[in-house]
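A.B. asks: Sending over a structure as structure tokens; questions will come in a sec.
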Amino acid sequence: MLRRFFSYYRPYKPLFLLDFSCAIIAGILELAFPIAVNQVIDKIMPQNNFRIILLACVGLLLFYIINTALQYVVVFFGHKLGVLIETDMRIELFEKLQRQSFEYYDEQKTGKLLSRLTTDLFDISEVAHHGPEDVFITVMTLLGSFILMLNMHVKLAVATFILVPFITVALLFFNKKMTNVNTEIYESIAEFNAGVEAAVTGIRVTQSFANEAYENTKFNGLSALYKQAKLMFYKVMAISSAYNYLMIRLINLFALVFGAYYTIQGELTNGEFVGFILLSNVFIRPIEKVNNMIEDYPKGIAGFKRLTEELDRGVAIVDQPDAVEVSHLQGNISYQDISFSYADHTKVLDHLNLDIAAGETVAFVGESGSGKTTLCNLLPRFYEPTKGVITIDGMDIQKMSLASLREQIGTVQQDVFLFPGTIRENIAYGKLDATEEEIEHAVALAHLKDVITHMSNGLDTVIGERGVKLSGGQKQRVAIARMFLKNPPILILDEATSALDTETEEIIQESLNSLAEGRTTLIIAHRLATIKHATRIIVMSEAGILEEGTHGELMAKNGHYKRLYEAQFHD
């Protein structure tokens with residue numbers, strides 16, 4: 001784990017060496033100060049020459065100025081190092097999250113993932129900055145000051161050092177305890193963030209049901225768990241701080257009592273006595289720093305453990321070593337003996353076979369849970385089949401690179417997701433390097449021109465979080481314009497009009513028909529009136545494919561499709 005942590009320093013070796021070197025020099029100068037005071041008292045002051053004393057004080061002033069510059073370097077460039085490492089970790093984690101499959105996100109809470117990208121990494125940054133130099137400087141200062149103290153007076157140094165083992169044992173004990181508590185805190189804050197994210201994004205539902213009091217109660221419960229974990233942390237920290245405070249003050253007291261005794265006995269000069277007291281203060285300073293480290297380090301350690309857990313988590317869907325880039329697919333699709341079950345072993349598809357010709361428009365209908373959406377989600381490899389093979393133009397999709405496969409497939413869903421920003425930015429998401437002419441052409445094809453004309457800033461109108469300032473039909477047209485810009489040979493329409501009113505649906509349907517022209521199109525349909533034009537309609541149930549044919553053929557069969565159709569239009 002340590003080797004892995006220090007690997008993040010590799011790109012910033014010069015910066016680390018600058019910070020570390022300055023910290024070491026500053027630590028050495030701190031050790032030199034008591035010796036300098038000892039010499040001033042014992043050798044310079046007896047000369048009764050104020051000019052020499054003044055020169056010595058000027059020397060000490062230069063010493064302070066140098067140390068001030070070193071402190072600036074350590075604080076600024078050290079924190080810069082921590083921020084750079086934190087940023088690298090955050091980028092690495094985000095890239096890992098981008099590669100995870102739909103199944104992974106089915107089991108995750110957004111707030112928890114946000115917590116790992118933010119809160120966890122803040123604390124790791126502090127450890128990345130202070131960790132190596134604090135440990136090294138602490139050990140160096142303790143050993144250096146103790147050696148200097150031994151050089152002055154062995155028995156006094158031993159008497160001063162005798163309490164250190166008690167402090168060391170306590171530090172190890174409390175550090176382990178606080179790391180465990182911090183792991184609980186991270187879990188609590190992740191749950192807390194997830195709860196807040198759900199409450200804020202669902203505020204319209206909450207207010208529509210007048211459930212503010214219920215949400216407040218849930219929030220108070222999450223806050224209580226977070227508060228309890230934090231209080232436990234501070235309780236352990238308080239016990240640790242109080243214990244260490246007593247031990248450190250006893251070291252001071254021992255140095256004072258025994259030092260005074262040996263000075264009276266004539267074994268120490270006054271200068272040595274003052275120098276020893278100053279050295280004892282230097283000696284206890286790293287111990288006090290360790291006491292501060294015990295608050296920050298467990299947080300960083302717990303955060304880094306959570307980071308590595310996420311980075312080490314397997315990615316379910318990846319490119320095969322021999323995966324090839326594909327382009328200009330015709331769109332001949334074949335599902336061969338496909339079975340699929342979710343992670344909880346819920347079976348959705350069982351030995352399904354289906355061939356779709358290039359340019360064909362195939363609509364899937366049937367009851368909820370029959371596997372219509374799952375069947376379509378397997379095509380861009382959002383999920384992997386439990387068994388069987390899917391081919392496009394005769395090639396196994398698992399032998400295609402994920403990026404190139406998904407570039408050939410476009411999806412328009414009922415629940416359109418729009419990013420915060422402008423209409424232009426959301427349309428251009430279909431082709432990031434699109435020209436202004438291409439965007440305007442996509443707008444026209446999606447029947448979006450009139451909508452944009454009536455907006456204050458046209459294409460540059462800000463649409464709010466998830467497109468909240470747009471109606472359902474407007475959001476659908478933005479999504480369709482985005483897909484026109486992508487221009488894929490294979491299209492999946494997942495109940496794209498089921499949530500719209502009849503008038504808006506007709507406009508959107510016209511756009512979708514234009515979009516589907518010349519492409520292999522898979523339609524998941526709820527309203528059967530919208531799929532009469534389909535080349536083929538496939539009726540699905542939990543048992544698999546029940547019927548298939550054109551609208552006219554299925555109505556003539558007087559079977560399951562006809563019953564569904566008449567149930568919708570019995571009026």
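A.B. asks: What are the semi-axes of the equivalent ellipsoid for the chain, taken as the square roots of 5 times the Cα gyration tensor eigenvalues, largest first, in whole Å?
C.D. replies: Numbers: eigenvalues 1015, 120, 100 Å².
Square roots of five times the eigenvalues give 71, 25, 22 Å.
A.B. asks: What dipole magnitude, in Debye to the nearest 20, does region 391-550 give about its Cα centre under +1 on Lys/Arg Cβ and -1 on Asp/Glu Cβ?
C.D. replies: Details: 15 positive and 24 negative charges, 34 e Å.
Dipole size: approximately 160 debye.
A.B. asks: If you don't mind, another one. Please report, in cubic angstrom per residue, the volume enclosed by the convex hull of the alpha-carbon atoms of region 25-72. Mind showing how you got there, number by number?
C.D. replies: Working: hull volume 2.4 nm³, N = 48.
That works out to 49 Å³ per residue.
A.B. asks: Quick one: of Lys109/Lys475; Lys80/Lys235; Lys112/Lys230, which pairs are farther than 29 Å apart, Cα to Cα?
C.D. replies: On the way: Lys109/Lys475 25 Å; Lys80/Lys235 32 Å; Lys112/Lys230 18 Å.
Check vs 29 Å cut-off fails for Lys80/Lys235.
A.B. asks: Assuming a viscosity of 0.692 mPa s and a temperature of 37 °C, what translational diffusion coefficient in µm² per second does Stokes-Einstein assign to region 402-443, Rh being the Kirkwood radius over Cα pairs?
C.D. replies: My calculation gives 279 µm²/s for D.
A.B. asks: Still on this structure, please answer the following. Taking a temperature of 20 °C and a viscosity of 1.002 mPa s, what whole-number D in µm²/s does Stokes-Einstein yield for region 2-310 with Rh from Kirkwood over alpha carbon pairs?
C.D. replies: On the way: Rh = 22.9 Å.
In µm²/s, the coefficient rounds to 94.
A.B. asks: Let me ask another. Quote the charge dipole size of region 86-147 about the Cα centre in Debye, to the nearest 20; the model charges only the Cβ of Lys and Arg (+1) and of Asp and Glu (-1). Could you put the intermediate results ahead of the total?
C.D. replies: Details: 6 positive and 12 negative charges, 24 e Å.
Dipole magnitude for region 86-147 comes out near 120 debye.
A.B. asks: With contacts defined as alpha carbon pairs under 8 Å and 6 or more residues apart, what's the relative contact order of the chain in percent?
C.D. replies: Working: 782 pairs, mean separation 79.8, N = 571.
Dividing the mean separation by the residue count of the chain yields 14 percent.
A.B. asks: Taking DSSP loops as anything outside H, G, I, E and B, show the longest stretch in the chain free of trypsin sites (Lys or Arg not before Pro) there with at most 15 other beta carbons within 10 Å. Walk me through the numbers before you get to the answer.
C.D. replies: Numbers: sites that count: Arg313, Lys469, Arg527, Lys532.
By the stated rule (loop sites, at most 15 other Cβ atoms within 10 Å), 1-312.
A.B. asks: Let me ask you something else. Can you give the charge dipole size of region 2-310 about its Cα centre, rounded to the nearest 20 debye, using +1 on the beta carbon of Lys and Arg and -1 on the beta carbon of Asp and Glu? Write out the running numbers ahead of the final one.
C.D. replies: Numbers: 27 positive and 28 negative charges, 81 e Å.
Dipole magnitude for region 2-310 comes out near 380 debye.
A.B. asks: OK, next. Using alpha carbons only, how many degrees (0 to 90, rounded to 10) separate the axis of helix 436-445 from the longest principal axis of the chain?
C.D. replies: 40 degrees
A.B. asks: Report the relative contact order of region 2-310, percent, no decimals, based on alpha-carbon pairs under 8 angstrom and at least 6 residues apart. Before the final figure, lay out the partial values.
C.D. replies: On the way: 280 pairs, mean separation 95.2, N = 309.
Relative contact order comes out at 31 percent.
A.B. asks: Calculate the radius of gyration of the Cα atoms of region 215-294 to one decimal place, then report Dmax, the largest Cα-Cα distance, as a whole number, both in Å.
C.D. replies: Answer for region 215-294, Rg first and Dmax second: 21.5, 75 Å.
A.B. asks: So which aspartates and glutamates pass the test for Lys469, namely a Cα distance under 14 Å, with those fewer than 8 places away in the same chain ruled out?
C.D. replies: Asp460
A.B. asks: Same structure, new question: Just list whichever of Lys176/Lys227; Lys305/Lys347; Lys13/Lys431 have alpha carbons separated by over 30 Å in the model shown. Kindly include the intermediate steps, with their values, before the conclusion.
C.D. replies: On the way: Lys176/Lys227 21 Å; Lys305/Lys347 35 Å; Lys13/Lys431 39 Å.
Distance filter (> 30 Å) returns Lys305/Lys347; Lys13/Lys431.
A.B. asks: Please compute, for the alpha-carbon atoms of region 417-571, the extent along each of the three principal axes and give them in descending order in Å.
C.D. replies: Over region 417-571, Cα extents along the principal axes are 53, 33, 26 Å.
A.B. asks: In degrees between 0 and 90, to the nearest 10, how far off the longest principal axis of the chain does helix 270-312 point, with axes built from Cα atoms?
C.D. replies: Tilt of helix 270-312: around 10 degrees.
Values in this text are rule-based calculations from the coordinates and carry no lab data. Model, not experiment: these values are computed from the prediction. Ideal geometry is used to build each Cβ from the backbone, glycine not excepted, and the neighbour counts take in all protein chains shown.
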